[in-house]
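Just below is one structure, and these are the notes that go with it.
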Amino acid sequence: MRNRSLFSPLRWFSGFFLLAALILTILNLAGYSRALANFPAGVEIAGVPVGGLNRQQAAQRLLEAFSTPVELLYNDAIIHLNPSVVDFQLDLESMLAAADLQRTQKDFWVGFWDYLWSRPTALAQIPLRSSYSESRLRLFLQEEVARRYDQPPIAAKPIAGTINFEPGVPGTVLDVDQAVTLIGGALNSLRNRRVVLPLERIQPPRPAFENLKVLLKQTIDLAGYDGLAGIYLHDLQTNQEIHLAYQQGEELSLQPDIAYTASSIIKVPIMVSVYRRLTDNSDTEAVRLLGEMITKSGNETADWLMDRVISGNRAPLVVSEDMQQLGLKNTFLAGYFTAGSPLLARIETPANQRSDVNTDPDPYNQTTPSDIGMLLEDIYECAQSGGGALMAVFPGEITQAECQAMLEYLKNNKLPVLLTAGIPETVQIAHKHGWVSDINGVINTIGDAGIIFTPAGDYVLVIFLYHPVQLVWEPASTLVANLSRAVYNYYSLSSE
(Lines give C-alpha, C1' and ligand atoms only; values in the text may rest on other atoms or scores of the structure.)
Protein backbone atom coordinates (compact mmCIF):
# COMPACT_ATOMS: atom_id res chain seq x y z
CA MET A 1 0.00 0.00 0.00
CA ARG A 2 2.90 2.37 0.75
CA ASN A 3 4.46 1.93 -2.71
CA ARG A 4 1.18 2.65 -4.40
CA SER A 5 0.60 5.81 -2.39
CA LEU A 6 4.10 7.05 -3.31
CA PHE A 7 3.59 6.38 -6.96
CA SER A 8 0.34 8.26 -7.21
CA PRO A 9 1.74 11.78 -6.44
CA LEU A 10 4.67 11.16 -8.80
CA ARG A 11 2.32 10.15 -11.52
CA TRP A 12 0.18 13.16 -10.98
CA PHE A 13 3.26 15.40 -10.93
CA SER A 14 4.56 13.89 -14.15
CA GLY A 15 1.19 14.19 -15.77
CA PHE A 16 1.01 17.83 -14.78
CA PHE A 17 4.34 18.59 -16.45
CA LEU A 18 3.38 16.67 -19.53
CA LEU A 19 0.14 18.59 -19.72
CA ALA A 20 2.00 21.87 -19.15
CA ALA A 21 4.50 21.00 -21.84
CA LEU A 22 1.68 20.11 -24.21
CA ILE A 23 -0.14 23.36 -23.47
CA LEU A 24 3.10 25.34 -23.87
CA THR A 25 3.81 23.60 -27.16
CA ILE A 26 0.32 24.32 -28.39
CA LEU A 27 0.62 27.95 -27.34
CA ASN A 28 4.01 28.25 -29.10
CA LEU A 29 2.60 26.58 -32.17
CA ALA A 30 -0.24 29.08 -32.15
CA GLY A 31 2.25 31.92 -31.72
CA TYR A 32 4.46 30.59 -34.47
CA SER A 33 1.46 30.18 -36.74
CA ARG A 34 0.46 33.78 -36.10
CA ALA A 35 4.05 34.85 -36.80
CA LEU A 36 3.99 32.94 -40.06
CA ALA A 37 1.09 35.08 -41.15
CA ASN A 38 3.46 38.08 -41.08
CA PHE A 39 6.87 38.68 -42.62
CA PRO A 40 9.70 37.37 -40.47
CA ALA A 41 11.94 39.75 -38.58
CA GLY A 42 14.89 40.97 -40.62
CA VAL A 43 13.02 41.18 -43.92
CA GLU A 44 13.43 44.46 -45.79
CA ILE A 45 11.66 45.38 -49.01
CA ALA A 46 13.43 48.12 -50.99
CA GLY A 47 15.25 49.08 -47.81
CA VAL A 48 12.02 49.37 -45.78
CA PRO A 49 11.83 47.03 -42.71
CA VAL A 50 8.65 44.98 -42.91
CA GLY A 51 9.38 42.30 -40.28
CA GLY A 52 6.28 41.53 -38.21
CA LEU A 53 3.96 43.15 -40.75
CA ASN A 54 1.39 41.43 -42.89
CA ARG A 55 1.12 42.04 -46.63
CA GLN A 56 -1.34 44.90 -46.34
CA GLN A 57 0.68 46.65 -43.65
CA ALA A 58 3.92 46.16 -45.57
CA ALA A 59 2.34 47.56 -48.73
CA GLN A 60 1.09 50.60 -46.87
CA ARG A 61 4.52 51.25 -45.34
CA LEU A 62 6.19 51.00 -48.75
CA LEU A 63 3.70 53.40 -50.32
CA GLU A 64 4.26 55.91 -47.53
CA ALA A 65 8.04 55.64 -47.81
CA PHE A 66 8.18 56.22 -51.55
CA SER A 67 5.43 58.82 -51.85
CA THR A 68 7.38 61.61 -50.15
CA PRO A 69 8.23 64.40 -52.62
CA VAL A 70 11.67 64.65 -54.18
CA GLU A 71 13.28 68.00 -53.40
CA LEU A 72 14.82 69.71 -56.42
CA LEU A 73 17.28 72.59 -56.00
CA TYR A 74 17.65 75.11 -58.83
CA ASN A 75 20.24 77.53 -57.45
CA ASP A 76 18.43 78.97 -54.39
CA ALA A 77 14.97 77.84 -55.46
CA ILE A 78 13.46 74.67 -53.95
CA ILE A 79 10.96 72.71 -56.05
CA HIS A 80 9.02 69.70 -54.74
CA LEU A 81 8.26 66.90 -57.15
CA ASN A 82 5.44 64.60 -56.11
CA PRO A 83 6.18 61.08 -57.45
CA SER A 84 2.61 60.78 -58.71
CA VAL A 85 3.26 63.64 -61.14
CA VAL A 86 5.63 61.39 -63.08
CA ASP A 87 3.45 58.31 -62.61
CA PHE A 88 5.86 56.66 -60.17
CA GLN A 89 4.61 53.13 -59.45
CA LEU A 90 5.82 50.44 -57.03
CA ASP A 91 5.58 46.85 -58.24
CA LEU A 92 4.12 45.79 -54.91
CA GLU A 93 2.90 42.39 -55.99
CA SER A 94 6.26 41.13 -57.18
CA MET A 95 8.13 42.57 -54.19
CA LEU A 96 5.63 41.14 -51.66
CA ALA A 97 5.71 37.79 -53.44
CA ALA A 98 9.49 37.74 -53.15
CA ALA A 99 9.19 38.56 -49.45
CA ASP A 100 6.61 35.76 -49.00
CA LEU A 101 9.24 33.28 -50.05
CA GLN A 102 11.18 34.19 -46.93
CA ARG A 103 8.23 32.89 -44.90
CA THR A 104 7.46 29.76 -46.84
CA GLN A 105 10.76 28.44 -48.06
CA LYS A 106 11.92 27.20 -44.60
CA ASP A 107 10.65 23.82 -43.28
CA PHE A 108 7.80 24.34 -40.79
CA TRP A 109 9.36 22.37 -37.92
CA VAL A 110 12.82 23.81 -38.49
CA GLY A 111 11.29 27.23 -38.34
CA PHE A 112 9.31 26.30 -35.26
CA TRP A 113 12.45 25.02 -33.56
CA ASP A 114 14.24 28.30 -34.34
CA TYR A 115 11.20 30.13 -33.02
CA LEU A 116 11.29 28.20 -29.74
CA TRP A 117 14.94 29.02 -29.22
CA SER A 118 14.55 32.64 -30.41
CA ARG A 119 17.23 32.17 -32.99
CA PRO A 120 17.59 35.28 -35.18
CA THR A 121 16.58 34.85 -38.79
CA ALA A 122 18.95 35.83 -41.58
CA LEU A 123 18.47 39.36 -42.98
CA ALA A 124 16.56 39.23 -46.25
CA GLN A 125 16.81 42.13 -48.72
CA ILE A 126 14.15 42.37 -51.40
CA PRO A 127 15.25 44.82 -54.13
CA LEU A 128 13.08 47.70 -55.25
CA ARG A 129 10.97 47.18 -58.32
CA SER A 130 9.39 50.34 -59.66
CA SER A 131 8.69 52.39 -62.75
CA TYR A 132 8.00 55.98 -63.72
CA SER A 133 7.18 57.92 -66.88
CA GLU A 134 10.31 59.52 -68.29
CA SER A 135 8.22 61.51 -70.76
CA ARG A 136 6.18 63.02 -67.91
CA LEU A 137 9.37 63.80 -66.00
CA ARG A 138 10.84 65.57 -69.03
CA LEU A 139 7.62 67.52 -69.51
CA PHE A 140 7.68 68.57 -65.85
CA LEU A 141 11.31 69.68 -66.08
CA GLN A 142 10.70 71.64 -69.26
CA GLU A 143 7.39 73.25 -68.34
CA GLU A 144 7.56 73.64 -64.58
CA VAL A 145 11.29 74.08 -64.03
CA ALA A 146 13.18 75.24 -67.11
CA ARG A 147 10.47 77.62 -68.29
CA ARG A 148 10.24 79.26 -64.86
CA TYR A 149 13.83 79.31 -63.72
CA ASP A 150 16.09 79.27 -66.78
CA GLN A 151 17.81 82.55 -67.50
CA PRO A 152 18.62 82.84 -71.22
CA PRO A 153 21.82 84.69 -72.08
CA ILE A 154 21.58 88.31 -73.15
CA ALA A 155 23.54 89.24 -76.25
CA ALA A 156 26.07 92.05 -76.21
CA LYS A 157 24.88 95.40 -77.50
CA PRO A 158 26.71 98.13 -79.39
CA ILE A 159 27.48 101.09 -77.15
CA ALA A 160 26.14 104.21 -78.77
CA GLY A 161 28.84 106.69 -79.68
CA THR A 162 31.68 104.14 -79.58
CA ILE A 163 33.10 101.23 -81.58
CA ASN A 164 32.70 98.95 -78.56
CA PHE A 165 30.04 96.58 -77.30
CA GLU A 166 28.38 96.37 -73.93
CA PRO A 167 29.27 92.86 -72.68
CA GLY A 168 26.53 90.29 -72.83
CA VAL A 169 25.19 88.46 -69.78
CA PRO A 170 25.72 84.69 -69.49
CA GLY A 171 22.64 82.56 -69.07
CA THR A 172 21.76 79.49 -67.03
CA VAL A 173 19.74 76.62 -68.42
CA LEU A 174 18.73 73.25 -67.03
CA ASP A 175 20.51 70.17 -68.34
CA VAL A 176 17.33 68.14 -68.76
CA ASP A 177 19.01 64.89 -69.81
CA GLN A 178 21.29 64.75 -66.77
CA ALA A 179 18.48 65.90 -64.48
CA VAL A 180 16.30 62.99 -65.62
CA THR A 181 19.01 60.53 -64.59
CA LEU A 182 19.55 62.14 -61.18
CA ILE A 183 15.85 62.44 -60.38
CA GLY A 184 15.23 58.86 -61.47
CA GLY A 185 17.77 57.77 -58.86
CA ALA A 186 16.16 59.95 -56.18
CA LEU A 187 12.68 58.54 -56.88
CA ASN A 188 14.08 55.06 -56.18
CA SER A 189 15.93 56.11 -53.03
CA LEU A 190 14.66 56.21 -49.45
CA ARG A 191 17.32 58.48 -48.00
CA ASN A 192 18.64 60.58 -50.85
CA ARG A 193 15.52 62.35 -52.10
CA ARG A 194 17.20 65.67 -52.77
CA VAL A 195 18.66 66.57 -56.17
CA VAL A 196 20.84 69.55 -56.98
CA LEU A 197 19.73 70.16 -60.53
CA PRO A 198 22.55 70.21 -63.11
CA LEU A 199 22.78 73.59 -64.81
CA GLU A 200 24.66 74.73 -67.89
CA ARG A 201 26.21 78.17 -68.11
CA ILE A 202 25.56 79.57 -71.58
CA GLN A 203 27.82 82.29 -72.87
CA PRO A 204 26.03 85.25 -74.44
CA PRO A 205 25.80 85.13 -78.23
CA ARG A 206 27.18 87.77 -80.48
CA PRO A 207 24.72 90.49 -81.39
CA ALA A 208 22.79 89.98 -84.59
CA PHE A 209 24.96 90.47 -87.65
CA GLU A 210 22.75 93.37 -88.68
CA ASN A 211 23.67 95.15 -85.44
CA LEU A 212 27.26 95.21 -86.65
CA LYS A 213 26.12 96.97 -89.80
CA VAL A 214 24.44 99.61 -87.64
CA LEU A 215 27.64 100.03 -85.63
CA LEU A 216 29.71 100.48 -88.80
CA LYS A 217 27.38 103.24 -90.02
CA GLN A 218 27.48 104.90 -86.60
CA THR A 219 31.27 104.78 -86.67
CA ILE A 220 31.33 106.58 -90.03
CA ASP A 221 28.84 109.18 -88.78
CA LEU A 222 30.79 109.81 -85.56
CA ALA A 223 33.97 110.38 -87.57
CA GLY A 224 32.21 113.19 -89.40
CA TYR A 225 33.24 111.61 -92.68
CA ASP A 226 31.35 113.11 -95.62
CA GLY A 227 32.82 110.98 -98.43
CA LEU A 228 31.83 107.58 -99.76
CA ALA A 229 32.63 104.42 -97.78
CA GLY A 230 32.40 100.98 -99.37
CA ILE A 231 32.51 97.99 -96.99
CA TYR A 232 32.37 94.28 -97.68
CA LEU A 233 32.44 91.80 -94.78
CA HIS A 234 32.11 88.04 -95.19
CA ASP A 235 32.11 85.54 -92.33
CA LEU A 236 34.11 82.57 -93.59
CA GLN A 237 32.39 80.16 -91.17
CA THR A 238 28.74 81.15 -91.46
CA ASN A 239 28.78 82.85 -94.88
CA GLN A 240 26.97 85.83 -93.38
CA GLU A 241 27.68 89.00 -95.26
CA ILE A 242 27.53 92.76 -94.85
CA HIS A 243 27.81 94.79 -98.03
CA LEU A 244 27.50 98.51 -97.53
CA ALA A 245 27.94 101.68 -99.55
CA TYR A 246 27.41 104.65 -97.24
CA GLN A 247 27.57 108.36 -97.92
CA GLN A 248 26.45 111.23 -95.70
CA GLY A 249 24.03 109.14 -93.67
CA GLU A 250 22.48 107.27 -96.58
CA GLU A 251 22.95 103.77 -97.96
CA LEU A 252 23.50 103.58 -101.69
CA SER A 253 22.31 100.82 -103.98
CA LEU A 254 24.77 98.02 -104.63
CA GLN A 255 23.18 96.68 -107.82
CA PRO A 256 25.80 96.72 -109.23
CA ASP A 257 28.61 97.39 -106.80
CA ILE A 258 30.60 100.65 -106.96
CA ALA A 259 33.88 100.82 -108.89
CA TYR A 260 37.01 102.11 -107.12
CA THR A 261 40.57 102.55 -108.27
CA ALA A 262 42.24 99.31 -107.22
CA SER A 263 45.79 100.73 -107.15
CA SER A 264 48.10 98.20 -105.44
CA ILE A 265 45.20 95.96 -104.42
CA ILE A 266 45.13 94.79 -108.06
CA LYS A 267 48.34 92.91 -107.24
CA VAL A 268 46.25 90.20 -105.61
CA PRO A 269 44.67 89.31 -109.00
CA ILE A 270 48.15 89.52 -110.57
CA MET A 271 49.41 87.02 -107.99
CA VAL A 272 46.56 84.61 -108.83
CA SER A 273 47.27 84.87 -112.56
CA VAL A 274 50.99 84.32 -112.00
CA TYR A 275 50.37 81.18 -109.96
CA ARG A 276 48.02 79.90 -112.62
CA ARG A 277 50.95 79.90 -115.05
CA LEU A 278 53.87 79.27 -112.71
CA THR A 279 54.57 75.63 -113.49
CA ASP A 280 58.13 75.55 -112.14
CA ASN A 281 58.25 76.31 -108.44
CA SER A 282 62.04 76.34 -108.67
CA ASP A 283 61.84 79.68 -110.49
CA THR A 284 63.46 81.56 -107.62
CA GLU A 285 63.36 84.87 -109.47
CA ALA A 286 59.60 84.67 -109.88
CA VAL A 287 59.23 83.74 -106.20
CA ARG A 288 61.39 86.74 -105.23
CA LEU A 289 59.37 89.07 -107.42
CA LEU A 290 56.11 87.75 -105.95
CA GLY A 291 57.32 88.51 -102.46
CA GLU A 292 58.44 92.02 -103.33
CA MET A 293 55.26 92.78 -105.25
CA ILE A 294 53.06 91.98 -102.25
CA THR A 295 55.18 92.98 -99.25
CA LYS A 296 56.91 96.03 -100.79
CA SER A 297 54.09 96.86 -103.18
CA GLY A 298 56.57 97.36 -106.01
CA ASN A 299 55.00 98.59 -109.23
CA GLU A 300 57.99 97.85 -111.43
CA THR A 301 58.25 94.48 -109.71
CA ALA A 302 54.67 93.72 -110.72
CA ASP A 303 55.46 94.59 -114.34
CA TRP A 304 58.61 92.44 -114.36
CA LEU A 305 56.71 89.52 -112.84
CA MET A 306 53.95 89.70 -115.45
CA ASP A 307 56.52 89.87 -118.23
CA ARG A 308 58.44 86.90 -116.80
CA VAL A 309 55.56 84.52 -116.04
CA ILE A 310 52.52 85.68 -118.01
CA SER A 311 54.61 87.09 -120.91
CA GLY A 312 53.51 89.11 -123.87
CA ASN A 313 52.47 92.75 -124.01
CA ARG A 314 48.89 91.66 -123.19
CA ALA A 315 49.81 90.41 -119.71
CA PRO A 316 47.59 92.96 -117.87
CA LEU A 317 44.64 92.02 -120.07
CA VAL A 318 45.31 88.35 -119.38
CA VAL A 319 44.96 89.12 -115.67
CA SER A 320 41.64 90.80 -116.45
CA GLU A 321 40.49 87.79 -118.46
CA ASP A 322 41.34 85.48 -115.54
CA MET A 323 39.16 87.62 -113.26
CA GLN A 324 36.33 87.50 -115.78
CA GLN A 325 36.54 83.70 -115.78
CA LEU A 326 36.21 83.76 -111.99
CA GLY A 327 33.04 85.85 -112.33
CA LEU A 328 34.65 89.06 -111.06
CA LYS A 329 33.20 91.27 -113.79
CA ASN A 330 34.23 94.59 -112.22
CA THR A 331 37.93 93.82 -111.68
CA PHE A 332 40.52 94.49 -114.35
CA LEU A 333 44.05 95.63 -115.17
CA ALA A 334 44.23 97.49 -118.47
CA GLY A 335 47.89 98.47 -118.58
CA TYR A 336 51.27 98.19 -116.92
CA PHE A 337 52.22 100.23 -113.84
CA THR A 338 55.31 101.88 -115.28
CA ALA A 339 54.73 105.57 -115.94
CA GLY A 340 53.89 106.22 -119.56
CA SER A 341 52.62 102.70 -120.21
CA PRO A 342 49.79 102.77 -122.73
CA LEU A 343 46.22 101.90 -121.88
CA LEU A 344 45.77 98.54 -123.60
CA ALA A 345 41.98 98.64 -123.60
CA ARG A 346 39.21 100.82 -122.29
CA ILE A 347 37.19 98.39 -120.25
CA GLU A 348 33.59 99.00 -119.34
CA THR A 349 32.06 97.15 -116.41
CA PRO A 350 28.64 97.20 -114.75
CA ALA A 351 30.24 99.06 -111.85
CA ASN A 352 31.96 101.84 -113.78
CA GLN A 353 28.89 102.42 -115.95
CA ARG A 354 26.77 103.62 -113.05
CA SER A 355 25.52 107.16 -113.51
CA ASP A 356 24.34 107.79 -109.95
CA VAL A 357 27.73 107.54 -108.27
CA ASN A 358 31.25 108.06 -109.59
CA THR A 359 34.55 107.63 -107.75
CA ASP A 360 36.56 108.68 -110.81
CA PRO A 361 38.14 105.22 -111.00
CA ASP A 362 41.46 104.83 -112.80
CA PRO A 363 40.92 103.37 -116.30
CA TYR A 364 44.09 101.30 -115.79
CA ASN A 365 42.89 99.25 -112.80
CA GLN A 366 39.61 98.93 -111.00
CA THR A 367 37.79 96.67 -108.60
CA THR A 368 34.84 96.72 -106.21
CA PRO A 369 34.74 95.80 -102.49
CA SER A 370 32.70 92.68 -103.25
CA ASP A 371 34.90 91.55 -106.17
CA ILE A 372 38.19 91.70 -104.31
CA GLY A 373 36.50 90.28 -101.20
CA MET A 374 35.25 87.27 -103.14
CA LEU A 375 38.71 86.72 -104.65
CA LEU A 376 40.18 86.60 -101.12
CA GLU A 377 37.43 84.12 -100.16
CA ASP A 378 38.43 81.94 -103.13
CA ILE A 379 42.09 81.96 -102.07
CA TYR A 380 41.13 81.16 -98.47
CA GLU A 381 38.87 78.24 -99.43
CA CYS A 382 41.49 76.85 -101.79
CA ALA A 383 44.16 77.08 -99.07
CA GLN A 384 41.95 75.56 -96.37
CA SER A 385 40.24 72.72 -98.22
CA GLY A 386 41.74 72.53 -101.68
CA GLY A 387 38.36 73.42 -103.17
CA GLY A 388 36.40 76.46 -104.23
CA ALA A 389 36.18 78.59 -107.35
CA LEU A 390 39.92 78.77 -108.10
CA MET A 391 40.22 75.00 -108.25
CA ALA A 392 36.97 74.65 -110.20
CA VAL A 393 37.69 77.34 -112.81
CA PHE A 394 41.41 76.55 -113.18
CA PRO A 395 41.59 72.79 -112.58
CA GLY A 396 45.13 71.46 -112.39
CA GLU A 397 46.58 74.97 -112.79
CA ILE A 398 46.37 76.23 -109.21
CA THR A 399 47.11 73.94 -106.26
CA GLN A 400 46.23 74.07 -102.59
CA ALA A 401 49.90 74.58 -101.75
CA GLU A 402 50.03 77.59 -104.08
CA CYS A 403 46.96 79.10 -102.40
CA GLN A 404 48.63 78.61 -99.05
CA ALA A 405 51.70 80.37 -100.41
CA MET A 406 49.50 83.29 -101.56
CA LEU A 407 48.15 83.65 -98.02
CA GLU A 408 51.68 83.65 -96.62
CA TYR A 409 52.71 86.47 -98.97
CA LEU A 410 49.67 88.48 -97.88
CA LYS A 411 50.41 87.79 -94.20
CA ASN A 412 53.93 89.15 -94.69
CA ASN A 413 52.54 92.51 -95.79
CA LYS A 414 53.39 94.23 -92.53
CA LEU A 415 51.56 97.54 -92.65
CA PRO A 416 50.78 98.97 -89.18
CA VAL A 417 47.89 101.17 -90.38
CA LEU A 418 44.43 100.75 -91.94
CA LEU A 419 42.94 97.27 -91.28
CA THR A 420 45.98 96.16 -89.27
CA ALA A 421 45.66 99.07 -86.85
CA GLY A 422 42.21 97.86 -85.83
CA ILE A 423 43.27 94.44 -84.54
CA PRO A 424 45.66 93.25 -81.80
CA GLU A 425 49.27 92.54 -82.81
CA THR A 426 48.76 88.87 -82.00
CA VAL A 427 46.00 88.49 -84.61
CA GLN A 428 47.10 87.45 -88.09
CA ILE A 429 45.96 89.34 -91.16
CA ALA A 430 46.59 88.50 -94.80
CA HIS A 431 45.92 91.70 -96.75
CA LYS A 432 46.82 94.08 -99.52
CA HIS A 433 46.38 97.83 -99.26
CA GLY A 434 46.46 100.62 -101.78
CA TRP A 435 45.74 104.29 -102.27
CA VAL A 436 45.93 106.70 -105.15
CA SER A 437 46.75 110.39 -105.34
CA ASP A 438 46.58 112.90 -108.14
CA ILE A 439 49.54 114.72 -109.70
CA ASN A 440 49.52 117.14 -106.79
CA GLY A 441 49.82 114.36 -104.21
CA VAL A 442 46.19 114.69 -103.11
CA ILE A 443 44.72 111.35 -102.03
CA ASN A 444 41.20 110.63 -103.18
CA THR A 445 40.92 106.85 -102.65
CA ILE A 446 42.19 104.56 -99.87
CA GLY A 447 41.55 100.83 -99.80
CA ASP A 448 42.55 97.78 -97.80
CA ALA A 449 41.37 94.21 -98.38
CA GLY A 450 42.25 91.36 -96.06
CA ILE A 451 41.49 88.10 -94.31
CA ILE A 452 41.56 88.35 -90.52
CA PHE A 453 42.20 85.17 -88.54
CA THR A 454 40.68 85.27 -85.04
CA PRO A 455 39.99 82.63 -82.37
CA ALA A 456 36.27 83.29 -82.84
CA GLY A 457 36.35 82.81 -86.60
CA ASP A 458 37.98 84.08 -89.75
CA TYR A 459 36.49 86.79 -91.92
CA VAL A 460 37.17 88.84 -95.04
CA LEU A 461 37.01 92.60 -94.64
CA VAL A 462 37.36 95.11 -97.46
CA ILE A 463 37.12 98.87 -96.93
CA PHE A 464 37.37 101.61 -99.56
CA LEU A 465 37.10 105.32 -98.84
CA TYR A 466 36.65 107.91 -101.56
CA HIS A 467 36.36 111.68 -101.39
CA PRO A 468 36.04 113.84 -104.52
CA VAL A 469 38.07 116.67 -102.98
CA GLN A 470 40.65 115.11 -100.69
CA LEU A 471 41.17 112.38 -98.12
CA VAL A 472 43.36 113.70 -95.32
CA TRP A 473 45.50 110.73 -94.34
CA GLU A 474 45.21 110.85 -90.57
CA PRO A 475 41.43 110.99 -90.13
CA ALA A 476 40.86 108.73 -93.15
CA SER A 477 43.30 106.00 -92.08
CA THR A 478 41.98 106.25 -88.52
CA LEU A 479 38.44 105.71 -89.79
CA VAL A 480 39.52 102.55 -91.62
CA ALA A 481 41.25 101.35 -88.42
CA ASN A 482 38.16 102.11 -86.32
CA LEU A 483 35.90 100.25 -88.74
CA SER A 484 38.29 97.30 -88.59
CA ARG A 485 38.33 97.50 -84.79
CA ALA A 486 34.53 97.55 -84.63
CA VAL A 487 34.39 94.34 -86.65
CA TYR A 488 37.11 92.70 -84.55
CA ASN A 489 35.32 93.74 -81.33
CA TYR A 490 32.21 91.99 -82.63
CA TYR A 491 34.12 88.76 -83.27
CA SER A 492 36.06 88.89 -80.02
CA LEU A 493 32.82 88.87 -78.00
CA SER A 494 32.48 85.07 -78.30
CA SER A 495 36.09 84.40 -77.23
CA GLU A 496 36.13 86.48 -74.04
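The values are calculated or read from the model by the stated rules, or taken from the named source; none is laboratory data. These numbers were taken from a predicted model, which means no experiment stands behind them. Backbone-built Cβ (ideal geometry, glycine too); neighbour counts: all protein chains shown. Surface areas here come from the heavy atoms of the whole protein model, side chains and all, with no ligands, DNA or RNA. Shrake-Rupley method; radii C 1.70, N 1.55, O 1.52, S 1.80 Å.
In table form, for the structure just shown:
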{"item": "FRET efficiency estimate (nearest 0.05) - Cβ-Cβ, ALA41 to PHE209, R0 56 angstrom", "result": "0.15"}
{"item": "Calculated FRET efficiency for the pair ASN358/ALA223, C-beta based, R₀ 22 Å, to 0.05", "result": "0.45"}
{"item": "Projected label distance in nm at ASN440 and LEU101, using a 7 Å step from Cα toward the beta-carbon", "result": "10.7 nm"}
{"item": "Listed residue pairs exceeding 19 Å between alpha carbons, taken from LYS411/LYS432; LYS217/LYS432; LYS217/LYS414; LYS267/LYS432; LYS157/LYS217; LYS213/LYS414", "result": "LYS217/LYS432; LYS217/LYS414; LYS213/LYS414"}
{"item": "Pair GLN384, THR426: separation of 7 Å Cα→Cβ label points (nm)", "result": "2.2 nm"}
{"item": "Å² of accessible area per residue within the chain, as computed with a 1.4 Å probe and no ligands counted", "result": "50 Å²"}
{"item": "Gain upon complete extension [TRP473, GLN125; 0.36 nm per residue less C-alpha separation]", "result": "116.6 nm"}
{"item": "Residue-span extension gain [ALA160 to SER253] - 0.36 nm each, minus C-alpha spacing", "result": "30.9 nm"}
{"item": "Within the chain, longest stretch free of exposed trypsin sites (Lys or Arg not before Pro) [DSSP loop, at most 12 other beta carbons within 10 Å]", "result": "1-190"}
{"item": "Computed magnitude of the charge dipole of region 220-329 (debye, nearest 20; Cβ of K, R +1, Cβ of D, E -1)", "result": "440 debye"}
{"item": "Solvent accessible area, Å² - HIS467, 1.4 Å probe, full protein context", "result": "30 Å²"}
{"item": "For region 396-496: rounded, prolate or oblate by the Cα gyration tensor [a/c cutoff 1.5]", "result": "oblate"}
{"item": "Separation of the LYS329 and ASP307 label points, Cα + 7 Å toward Cβ, nm", "result": "3.5 nm"}
{"item": "Net charge dipole size for region 383-453 [Lys, Arg +1 and Asp, Glu -1 on Cβ; Debye, nearest 20]", "result": "100 debye"}
{"item": "Near-label residues of region 436-459 by backbone N, under 14 Å of a point 7 Å along Cα→Cβ of ASN239", "result": "none"}
{"item": "For the chain, calculated [θ]222 nm from helices alone, where every DSSP H run of n ≥ 4 adds -39500 (n - 2.57)", "result": "-12500 deg cm²/dmol"}
{"item": "Intensity falloff of the chain expressed as log10 I(q)/I(0), Debye formula with alpha-carbon point scatterers, at q = 0.07, 0.09, 0.10 Å⁻¹", "result": "-0.59, -0.74, -0.83"}
{"item": "Paramagnetic reach from ALA65 in region 123-160 [backbone N under 17 Å; point 7 Å along Cα→Cβ]", "result": "123-131"}
